[in-house]
Amino acid sequence: MDFNPLDIFSSIWFIACWMGYTLFARRAAKKRNCLSSVLYRYRQEWVLKLSLSGMSEVDAVMLSALEKQVSFLASTSLLILASLVTVLGTASTMFMNLSSLWFVTEVSLQMVQLKLMVLIFIFVYGFFTFTWAIRQYGFCFILFGSSFHTVKYYQETEDSSAVAIERDFEAMAKVLDRAAHSYNYGIRAYYFAMAAMAWFINDWFFIAACAVIVFILYRREFLSSSLKAMATARKSDNVHDEEEIEFE
């Protein structure tokens, strides 16, 4: 298999964009508003509310809805993987017809198969992160169910606390947050899979697609109107300047 310098550079650029943005987002989330930092505050307040008022049917439905979102993408990953494996095993030569287009660089069949393997690896990674997120949401069901009385029980029982058993509520909020982070990592895998598809066209298009994906992710996680609205709802310029949420 022949590798030209541009193939090597584009591969390194792809890894650098993915890992570099992940590290940047993780560090930036500790200092400024982003979807992760703002939503973590809301998750803490959700757990705090449950510790004070008990768990309602609405809370259970909300948690179930979060799990279903991840389950859908995990199932989709399996379908995509099945398709990619089929293409890799029986129809890789079909991709060779792309070279008839003037803007598509002609490559060997082995290189096409390698690019398909990269896509397969990305969606395998996405599947693992989504299924781990599903498991962590399942952990939250167990934690919440064993720790909080239901609203009906709490309201109908005199001198009863909303909390069934004393827990470290901050740790519970972190479990919920880690499930969301796993979901976020899986979403990023989908985004970078879109960039990897550009590799079938040519290396320069692939390099540009990686940069565009990083820009889109940054804009959505740090500059989106949804983020600004959620931060404005808290009436705070920076959630890191707020007082720490204290659990009783």
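Things to note:
- Considering the range 137-248, the qualifying helices (runs of 4 or more DSSP H), each wholly inside and each with 3 or more residues that are among the small types (Gly, Ala, Ser), run over 169-197, 203-222, 225-233.
- Residue in the range 20-54 that is farthest from the chain's Cα centre (by Cα), counting only those that are over 16 Å from Ala229 (Cβ atoms) and not in a helix (DSSP H, G or I): Gly54
- Candidate set from the range 40-62 (those that are aliphatic (A, V, I, L, M) and buried (at least 20 other Cβ atoms within 10 Å of the Cβ)); member that is modelled with the highest pLDDT: Val47
- Number of positions in the range 173-187 that are in contact with a Phe, Trp or Tyr (Cβ under 8 Å, 6 or more places away or on another chain) and β-branched (Val, Ile, Thr): 1
- Single residue of Ile213, Ile245, Ile165 found to be loosely packed, with under 13 Cβ neighbours inside 10 Å and among the aliphatic types (A, V, I, L, M): Ile165
- Of residues in the range 216-242 being surrounded by 13 or more Cβ atoms within 10 Å (Cβ to Cβ) and of a type in the set (D, E, K, R), the one farthest from Ala196 (Cα to Cα): Arg234
- In the range 73-82, the count of residues that are closer than 30 Å to Ile201 by Cβ and modelled with pLDDT under 75 is zero.
The values are calculated or read from the model by the stated rules, or taken from the named source; none is laboratory data. The model shown is predicted, which means the values in this text are computed figures rather than measured ones. Positions of Cβ are backbone-derived with ideal geometry, glycine not excepted, and every protein chain shown enters the neighbour counts.
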